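J.: Submitted below is the structure of interest, expressed as structure tokens.
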Amino acid sequence: MMPHTLALVLLVIASPTTSTFASTQDSPAQAASPTIPDNRPSYNSNTTAGDTKHFDPAAATQAWLDSVPSNQREKSDAYFEGGYWLILWNFLLTGAICVFLLESRLSARLRDFSEGVTNIRNLQIACYAVPYLLLFYALSFPLNLYENFFREHQYGMATQSFAPWFREQLLGLSLTLVGGTFLVVVLYAVFRRAPRTWWIWGTIVMIIFSATLVLIAPVYIEPLFNTYKPLSDPKIRDRILAMARANEIPVKQVFEVDASRQTTRVSANVSGLLGTTRVALNDNLLKQCTVPEIRAVMAHEMGHYVLDHGAKLLTYLGILMLIGFALTRILFNAAVKRWGKRWHVRDIADPAGLPLLALIFSILLFFATPILNTVVRVTEREADAFGINTSREPDGMAQVALKLGVYRKLNPNPLEEFIFFDHPSGRGRIRMAMDWKAENLP
Ligand SMILES: [Zn+2]
């Protein structure tokens, strides 16, 4: 995820190279990696009848996990566990920037400057928001550069040299400036008109803004970074489209995307809302996976579509946002009462308080990490269950779970999974596939 800009926008403006938050990004495996050797446990779909009585899902799950060489396991564990720390570093950096903007009274001076430029309130907010967003981007750039460029190269995931990467960063920044400024202007119009109940109306604004973003993303945003085209390989296309038709998904909404431009990760995703919803699998997946694996992944993505996960996640996040805004109101008022004079921040309608809002929001988001991950993980598990029943490819599902293990820890402890995992762990997914297989042997 693209780091910070502003905690409010962070919720809704997604990373340029991945999808918006209500779309569901899946997968990864590394093209360059030798991945898993072919001495897999012999639980192929052509299992003989004799195996039926002896198939033990727990032992089969362990055999799949044991097929990953330990050096590869160590590397992927290190990559994923590094992500835990990045959550903390991003949070601390965002907090530090916010405190700096308040304590240095840079925020107050920016507000004074914007009030000098024009008398029109909405324009004043825009005059504040643009430099604010630019400043935030610049101050958080070093961590952004490490996390999304150097670290991705270090682990062999990235395919871009610096110039095209930075060009996409600038494109993402431009979108953030347009969308973020618009959102901030609308929110402050609400804050001025409803100084007591702004947290309710603010939530509604955020939900409408998020829904609009998710709705237009496949049409106006994603094509700026990647090319989407209908599936071309007939061998794969026909088998995918058969599953789509069987689940009443319009076949014109199944696409192939050139993700290899940015990454070696195998992935697929669902994005959009209502009529713009589409399922896309990436070219890495097409190149690196067998047909059973591709069917397993696509059936999972179709699960998101059929189960309406975009709309459901938006609803759940809307509820969490309302709670977050209610808490923000209490904390904001308390902070202004105590430090308002020192920071030259007057009230909620004063844009000089934007860093304080961002600070409070990032604190709440940080502590809500397990809740947000669990909300998403639960819908991912639903899509897994839909996927295995639709594809009927337990070995394909297990195989792909191992390939995702290249960047996601395969076998975390339960607390770790609860806090940090927005998808079921590899072990959980393989176990689901093996449990299904045990009950569906020929
Ligand atoms: Zn998913």
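J.: Once phi is turned into ³J(HN,Hα) by the Karplus curve 6.51 cos²θ - 1.76 cosθ + 1.60 with θ = phi - 60°, what whole-Hz value does each residue of region 326-332 show in order, with x for glycine and proline?
T.: So the J values, rounded to whole Hz, are 5, 5, 4, 4, 4, 5, 4.
J.: Turning to a different aspect of this structure: Mind listing the long-range amide H neighbours of residue 255? Cut-off is under 5 Å, sequence gap 5 or more, other chains count too, H placed in the peptide plane at 1.01 Å from N.
T.: Counting only residues 5 or more places away or on other chains, the set is 279, 280, 281.
J.: Within 10 Å, at most 16 other Cβ atoms, and a DSSP state outside H, G, I, E, B define an exposed site. Report the longest part of the chain free of exposed trypsin sites (Lys or Arg not before Pro).
T.: Within the chain, the longest run free of exposed trypsin sites (Lys or Arg not before Pro) spans 197-345.
J.: Continuing with this model, one more query. If you wrap a convex hull around the alpha carbons of region 240-373, what volume per residue comes out, as a whole number of Å³?
T.: 155 Å³
J.: Next up: Only bridges whose two residues both fall in the chain count here: according to DSSP, what percent of them are antiparallel, nearest 5?
T.: 75 percent
J.: What does the charge count near residue 256 come to, summing +1 for each Lys or Arg and -1 for each Asp or Glu among other residues with Cβ under 12 Å from its Cβ?
T.: +1
J.: To two decimal places, what compactness ratio does region 355-442 give when its Cα radius of gyration is scaled by 2.2 N^0.38 Å?
T.: 1.33
J.: Of 415, 184, 366, which is farthest on the positive side of the dipole of the chain, counting Cα position, with +1 on Lys and Arg Cβ, -1 on Asp and Glu Cβ, and the Cα centre as origin?
T.: Of the listed residues, the answer is 184.
J.: Across the chain, how large is the tail of the calculated P(r) beyond 41 Å, expressed as a percent of all Cα pairs?
T.: Counting every Cα pair in the chain, those more than 41 Å apart make up 21 percent.
J.: Which is farthest toward the positive dipole end of the chain among 93, 162, 286, measuring Cα position about the Cα centre, with Cβ charges +1 (Lys, Arg) and -1 (Asp, Glu)?
T.: Of the candidates, 93 comes out farthest on the positive side.
J.: Hey, another quick one. Averaging sequence separations of C-alpha pairs under 8 Å and six or more residues apart, then dividing by the length of region 297-442, give the relative contact order as a whole percent.
T.: After rounding, I find 30 percent.
J.: Of the GluC sites (Glu not before Pro) in region 74-158, which ones lie in a loop per DSSP and count no more than 10 other C-beta atoms within 10 Å?
T.: none
J.: Another question, if that's okay. Using Cα pairs closer than 8 Å and at least 6 residues apart in sequence, work out the relative contact order for region 369-442, in percent.
T.: 47 percent
J.: Assuming a ≥ b ≥ c are the square roots of the Cα gyration tensor eigenvalues, decide whether region 259-322 counts as rounded (a/c under 1.5), prolate (otherwise, with a/b larger than b/c) or oblate.
T.: Judged from the Cα gyration tensor, region 259-322 comes out prolate (a/c at least 1.5, a/b above b/c).
J.: Sticking with this one: Assuming a viscosity of 1.306 mPa s and a temperature of 10 °C, what translational diffusion coefficient in µm² per second does Stokes-Einstein assign to region 206-276, Rh being the Kirkwood radius over Cα pairs?
T.: Result for D is 116 µm²/s.
J.: Which value, in debye to the nearest 20, describes the size of the charge dipole of region 328-442 about its Cα centre when Lys and Arg Cβ atoms bear +1, Asp and Glu Cβ atoms bear -1, and nothing else is charged?
T.: The dipole magnitude comes to about 640 debye.
J.: Which residue, 318, 116, 303, has the most motion in a Gaussian network model of the chain that connects Cα atoms within less than 10 Å?
T.: Result for the chain, Cα springs under 10 Å: 116 fluctuates most.
J.: Run the dipole for region 115-253 about the Cα centre, Lys and Arg Cβ at +1, Asp and Glu Cβ at -1, nothing else charged, and hand back the magnitude in debye, nearest 20.
T.: Result for region 115-253 is approximately 360 debye, rounded to the nearest 20.
J.: May I pose another question? Quick one: work out Rg over Rh on the C-alpha atoms of region 139-268, Rh as Kirkwood radius.
T.: Rg/Rh for region 139-268 comes to 1.08.
J.: What distance in nm lies between label points placed 7 Å from Cα along the C-beta direction at residue 338 and residue 171?
T.: Going by the 7 Å Cα→Cβ label model, 4.4 nm.
J.: Right, something else. Suppose R0 equals 30 Å. What FRET efficiency, 1/(1 + (r/R0)^6) with r the Cβ-Cβ distance, do residue 200 and residue 122 give to the nearest 0.05?
T.: 0.90
J.: Right, another one. For region 269-283, in order, what is each residue's ³J(HN,Hα) by Karplus, 6.51 cos²θ - 1.76 cosθ + 1.60 with θ = phi - 60°, in whole Hz (x at glycine and Pro)?
T.: Result, ordered by residue: 7, 10, 9, x, 8, 6, x, 8, 4, 8, 9, 10, 10, 8, 5 Hz.
J.: Contact order normalised by length for the chain, with contacts defined as Cα pairs under 8 Å and 6 or more residues apart; what percent is it?
T.: For the chain, the relative contact order is 28 percent.
J.: Counting only other residues whose beta carbon sits under 12 Å from that of residue 425, what net charge do I get with K and R as +1, D and E as -1?
T.: +1
J.: Now for a different question. Once you place label points 7 Å from the Cα toward the Cβ at residue 260 and residue 245, how far apart are they in nm?
T.: Distance between the two pseudo-spin positions: 2.9 nm.
J.: Sticking with this structure for a sec: Per q in 0.22 Å⁻¹, report the Debye log10 I(q)/I(0) for region 367-412, using one uniform scatterer on each alpha carbon and no solvent.
T.: -0.90
J.: Further question on the same structure: Run the dipole for the chain about the Cα centre, Lys and Arg Cβ at +1, Asp and Glu Cβ at -1, nothing else charged, and hand back the magnitude in debye, nearest 20.
T.: In debye, rounded to 20, the chain gives about 1280.
No lab work stands behind these numbers, since they all come straight from the coordinates. All of these numbers come straight from a predicted model, not from anything done at the bench. Virtual Cβ from ideal backbone geometry, glycine too; neighbours counted across all protein chains shown.
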